[in-house]
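The values are calculated or read from the model by the stated rules, or taken from the named source; none is laboratory data. Bear in mind that the values here come from a model prediction, so they are computed numbers and not experimental data. Glycine also receives a Cβ, built like all others from the backbone with ideal geometry; neighbour counts cover every protein chain displayed.
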Amino acid sequence: MNIPQELIDKIIDGIWDADDSPSHAATRAASLISRSWVDRSQHHLFHDIKFSCDDLRWCDAVPPDPNGVLRHVRSLTIQASGIDGWWIDKSSLEHALPYFNSFRDIQVLRVQNWDIDPFPSELLARCFAPFAGGVRLLQWDPYQNTSREAWIHIVGLFPLVDFLLLSPNSFPTGLLSGTPAGPDRKKLILSGYYAARCLAWGGVRPRFREIYIRFGLGTSLQTLIAIVNGAADRLEILSIAETSAGRTFSV
């Protein structure tokens, strides 16, 4: 077909926008039309991927090539078991390292409930290091028994984060929207006693301009001071909320 590539890309973008099936069947079909349709179709199909408990079937289907389909990935979600923090064992993670090395352009990383304590810090560094410098939004829902040392190490691997979210799901709808975070306007959103303690422990020292905190039972004033002190020289917005008897109070 003698059609300009720009027009082909617009056609595929329209197919993606109209493709509301869970399997994205229409976009997958479009990727088989011709060679000129493949790249833009894969751009949508692989833009956002999610790994759940011990699910590494992609290792058998996708080669670990940074110039292959993994170059399209911009958002990666790792979701562990909600009960015991299980996602993958050590040997399987080592086997998957070449695939993580192929993620070069990830901008959004979400990790949910993964118990990272059993894994050597060196192995975790090898896992995230290839794309850690490019991550701008990091959402970490910590496993409840994560140790201080593991937390400091893992979050410290992402030095250029502009938007840090720690257990943000209990915030009122709409708080996650608003002013976009960026190098000149870093934003922190955290919720709960454990997430507050994690940040107060140290390891993360970006100077946030906006901090939104929703405390849980047992959060101390000392914890708040430890969090705010690291950003005091640039802080413009500090929002503190607490929930009691089903109502949210904020200042």
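At a glance:
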| read-out | value |
| --- | --- |
| Conditions (1) under 27 Å from the mean Cα position of the chain (by Cα); (2) assigned to a helix (DSSP H, G or I); number of the one not met by Asp20 | (2) |
| Residue that is without any contact (Cβ under 8 Å) to a residue 12 or more places away in the chain and touching a helix residue (DSSP H, G or I) at 6+ places or on another chain (Cβ under 9 Å), where the choices are Ala30, Ala26 | Ala26 |
| Single match in Asp60, Asp39 (criterion: out of contact with any strand residue (DSSP E or B) (no Cβ under 7 Å at 6 or more places or on another chain), at pLDDT below 90 and among the acidic types (Asp, Glu)) | Asp60 |
| Boolean, Trp87 is in the same structural domain as Cys127 (by TED's automatic domain parsing) and in contact with a Cys (Cβ under 9 Å, 6 or more places away or on another chain) | yes |
| Residue in segment 229-251 that is β-branched (Val, Ile, Thr), surrounded by fewer than 19 Cβ atoms within 10 Å (Cβ to Cβ), part of a helix (DSSP H, G or I) and at pLDDT 70 or above present | no |
| Residues within segment 23-56 that are part of a loop (DSSP other than H, G, I, E, B) and closer than 16 Å to Leu76 by Cβ, tallied | 6 |
| Residue match in segment 31-54 (condition: polar (S, T, N, Q), touching a Lys or Arg at 6+ places or on another chain (Cβ under 8 Å) and over 16 Å from Leu124 (Cα atoms)) | yes |
| Wholly within segment 57-176, strands (runs of 3 or more DSSP E) carrying at least 3 residues that are among the aliphatic types (A, V, I, L, M) | 108-112, 163-166 |
| Residue list for segment 18-42, restricted to those being surrounded by 10 or more Cβ atoms within 10 Å (Cβ to Cβ) and among the charged types (D, E, K, R) | Asp19, Arg28, Asp39, Arg40 |
| Any hit, segment 71-83, residues being over 30 Å from Gln144 (Cα atoms), buried (at least 16 other Cβ atoms within 10 Å of the Cβ) and of a type outside the set (Val, Ile, Thr) | yes |
| Single unsatisfied condition, Ile3 versus (1) in contact with a His (Cβ under 8 Å, 6 or more places away or on another chain); (2) loosely packed, with under 14 Cβ neighbours inside 10 Å; (3) β-branched (Val, Ile, Thr) | (1) |
| Residues of segment 37-70 classified as closer than 27 Å to Ile3 by Cα and over 17 Å from the mean Cα position of the chain (by Cα), total | 12 |
| Search result, residues across segment 210-226 that are at pLDDT 80 or above, within 14 Å of Leu190 (Cβ to Cβ) and either exposed (fewer than 11 other Cβ atoms within 10 Å of the Cβ) or β-branched (Val, Ile, Thr) (or both) | Ile211, Ile213 |
| Tabulated pairs, segment 230-251, first farther than 11 Å from Arg214 by Cα, second modelled with pLDDT under 70, C-beta under 6 angstrom, 6+ apart or interchain | Gly230/Arg205 |
